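Take a look at the structure set out below.
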Amino acid sequence: MRPRVIRQALRAESDPGGGAEAFSWAQVGRDLGIRPGGPVNMAYLAVDRHADSELADKPAFRFLAENRSPHDLSYRELARLTDRFGNALKSLGVQPGDSIFVLCGRRCELYVAVLGALKIGAIVSPLFPAFGPEPIRNRMAQAAGKVLVTTASAYLRKVEPIRGELPSLRHVVLVDDAGGGVVPETHGWEHLLHAASDVPALVATTAGDPALLHFTSGTTGMPKGALHVHAAILTHYATARIALDLRPDDLFWCTADPGWVTGMSYGILAPLAVGATCIVDEAEFDAARWVAILESEGVNVWYTAPTAIRMLMKAGPTLFAGHAFAALRFIASVGEPLNPEAVWWSMETFRLPIHDTWWQTETGGIMVANAAADDIRPGAMGRPVPGIAAHVVRHRAGEPVTVIETPETVGELALESGWPSMFGAYLGQPERYRECFAGNLYLSGDLVRRDADGYFWFVGRSDDVIKTAGHLIGPFEVESALMEHPAVAEAGVIGKPDALAGEVIKAFVALKHDVVPSDALRSELLAHARRRLGAAVAPKEIAFVECLPHTRSGKILRRLLKARELGLSEGDSSTLE
Ligand code: 6R9
């Protein structure tokens, strides 16, 4: 029989201030050297602060190329490069509050661009490299992106054809164009940096100034831009220490791409704020490669996702035989439910449990965790981290939101608002922002239950958004792209359960009355969606249907499509909305 609880030895380092009671955001600010009312800048706190300390010559990043050869970049070098890039942006006319987008793989220039732009008070918005032109256009248009940092091939394939639709986009910087000017109407990275001064570029931003813009998907409408302020780094720093047990002498590997919120908050800001060294693997997932990195790089703390863990489990025990992970001290995951089997597998494979953590784009940082000093309940997301108060609430349309005190009752996870990394707006959508709150409670949209010991257990989403391989995808964005095809009358998109990816995107398509369904048409639609949306967002499966089910108000009943897909009873659809 497997125990319900994995006991953890309490470590002094992961218990800041001697216990949860002593925790305060003011103290976190003091730990970071922030003066009350003084300037707060994420890039200063993550980079420059260390560049003048005993950490100056320590690697901030270790980039691993395709052939796994390492390239280290010290805090001092990072400070200088980000100054150069910040000054280059200034010379292009970029002002505090302007939006800078990044669209490229995990390479040194991406990290320099993000931190350099933050230094001068610009708002950074990352795009996932596997996005197609449609998600790129949509996001950049919403935020009036002024500068795009990308690669020549991504620009030519995905951006150049739609540049006319992006009137705000003034400058495109190509990270792989050493000479500069090879592609018309773009700047070359090397050329731009070479011409820029390396005097300090820092702009004295304040705690409440906007810093990051992360697009996230809802059930209806196009993705929303969740805006985060410079003070968010207090959450990044505190949770890295408490929930990830991260310390300055650690080699840390966050496997998420900075195109998503995890890769930005914990792949860049949190570990640098702590003063650790981050591994950046420039290659895509490969089970044997990951084992080699964990072992030979000597990773101490590893933050990854359940999909990746399932892929490693699938690779089988022979992959791990004969390997020792002597340096590995702490493993955590985020993004999807982590099933207990994965925790037990980790105990056998690494002699360490996986610490599940829960958070969202909107929360900006870890909110609920099996923290380093806590016992682990395999299958549970953990307990609220210090500084965060979480509740289970009853939240039904037309009724007031009420807090549920009885343990083991399913309700929506709600957080008392006001933590430093809480999103401050959905860009240009104040109404949708207001709808996320009831009084001082932020409503997460996730259904959970809390046990008698205060551990939260994930039950499901209260809406139709899809989590595929840890990435949040809005069905509306996929449906819209499909409906642009001349053969399609209507499309309904759901997440179909999948053993590896958690869910895969499946589309149900009703064709126009004179169109005959065929395998050739299915392939054409899949290719159309892939071209428009990119591999990360396009459906993997398409089924043709006569017509789609609707609510009385005419919305597609995705829940019914899902119930049919799962072979469940459709219930009484008249009660649905
Ligand atoms: C960081 C991130 C947020 C949604 C969230 C929930 C799901 C995240 C989870 C989890 C079960 C966990 N989610 N952590 N579900 N257990 N530990 O993933 O942000 O992309 O905005 O997704 O992901 O449904 O609401 P984001």
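What to note about this one:
- Dipole of the chain, positive end: most advanced residue of 400, 143, 527 [Cβ charges, Cα centre]: 400
- The distance between label points at residue 552 and residue 409 comes to 2.9 nm (points 7 Å beyond Cα on the Cα→Cβ vector).
- At q = 0.16 Å⁻¹, base-10 log of I(q)/I(0) for region 128-223 (Debye sum, equal scatterers on each alpha carbon): -0.82
- Across region 537-549, rounded Karplus estimates of 3J(HN,Hα) from the backbone phi angles (6.51 cos²θ - 1.76 cosθ + 1.60, θ = phi - 60°) give 10, 5, x, 8, 9, 10, 10, 8, 10, 5, 8, 9, x Hz, Gly and Pro being marked x.
- Take each peptide in 262-274, 49-61, 398-410, count the other Cβ atoms within 10 Å of every residue, and average; sorted highest first, the result is 262-274, 49-61, 398-410.
- For residue 379, the amide hydrogen comes within under 5 Å of no other amide hydrogen, counting only partners 5 or more places away or on other chains and with H modelled in the peptide plane.
- Full-stretch length increase - residue 566, residue 432 - with 0.36 nm per residue and alpha-carbon distance subtracted: 45.1 nm
- 13 Å beta-carbon shell around residue 156, net charge (K/R +1, D/E -1): -1
- Region 207-247 shape via C-alpha gyration tensor axes, a/c threshold 1.5: oblate
- Formal net charge of residues neighbouring residue 251 (Cβ-Cβ distance under 14 Å; K, R +1; D, E -1): -3
- Assigned charges on the beta-carbon of Lys, Arg, Asp, Glu; region 361-408 dipole about Cα centre (debye): 60
- Difference of contour (0.36 nm per residue) and Cα-Cα distance, residue 72 to residue 314: 83.9 nm
- In Hz, Karplus ³J(HN,Hα) per residue of region 47-64 (6.51, -1.76, 1.60; θ = phi - 60°; x = Gly, Pro): 10, 4, 3, 7, 5, 9, 10, 5, 8, 3, 9, 7, x, 7, 10, 10, 8, 10
- 5 angstrom amide H check on residue 355, placed H, neighbours 5+ away: 331, 332, 333
- Dipole of the chain [Lys/Arg +1, Asp/Glu -1 at C-beta], most positive-end residue of 121, 218, 184: 218
- 16 Å tail of the calculated P(r), region 67-178, as % of Cα pairs: 57
- In nm, spacing of pseudo-spin labels at residue 541 and residue 292 (7 Å Cα→C-beta vector): 3.5
- Rounded to the nearest 20, the Cβ-based charge dipole of the chain about its Cα centre (Lys and Arg +1, Asp and Glu -1) stands at 260 debye.
- Tensor-based shape of region 301-345 (alpha-carbon gyration tensor, a/c under 1.5 rounded, otherwise prolate or oblate): oblate
- This model, with +1 at the C-beta of Lys and Arg and -1 at the C-beta of Asp and Glu, gives region 213-301 a dipole about its Cα centre of some 500 debye.
- Counted charge near residue 146, where neighbours are those whose Cβ lies closer than 14 Å (Asp, Glu -1; Lys, Arg +1): +3
- Here the Debye sum runs over all C-alpha atoms of region 348-439 as equal scatterers in vacuum, and log10 of I(q)/I(0) at q = 0.25 Å⁻¹ comes out as -1.39.
- Binning all Cα-Cα separations of region 393-462 at 10 Å, short to long from zero, yields these whole-percent fractions: 19, 48, 29, 4, 0.
- Annotation: amide H-H contacts under 5 Å for residue 280 (H modelled 1.01 Å from N, sequence separation of 5 or more, or interchain): 62, 63, 64.
- In the chain, Cα pairs under 8 Å separated by at least six residues give a relative contact order of 13 percent.
- Dimensionless Rg/Rh of region 1-150 - Kirkwood Rh, Rg from C-alpha atoms: 1.07
- Phi-based couplings in Hz for region 481-487 (Karplus 6.51, -1.76, 1.60; Gly and Pro marked x): 5, 5, 6, 6, 6, x, 7
- Annotation: peptides 526-537, 106-117, ranked by per-residue average of other Cβ atoms within 10 Å with the highest first, follow the order 106-117, 526-537.
- Volume per residue of the C-alpha convex hull in the chain, rounded to whole Å³: 167
- Cα pair distances in region 445-577, grouped into 5 Å bins until the bin that holds the longest one, percent each: 2, 10, 18, 21, 19, 14, 8, 4, 2, 1, 1, 0
- Per-residue ellipticity at 222 nm, computed for the chain from helices alone with -39500 (n - 2.57) per DSSP H run of at least four residues, works out to -7000 deg cm²/dmol.
- Highest to lowest packing among 464-470, 215-221, 547-553, 367-373, scored as the average C-beta count within 10 Å: 367-373, 464-470, 215-221, 547-553
- Across all Cα pairs in region 503-568, the calculated P(r) in 10 Å bins from zero up to the longest distance comes to 18, 46, 34, 2 percent per bin.
Bear in mind that the values in this text are calculations on the coordinates, not laboratory data. Keep in mind that what you see is a predicted model, and the values were worked out from it rather than measured. Reconstructed Cβ throughout: ideal geometry from the backbone, glycine too, with neighbour counts over all protein chains shown.
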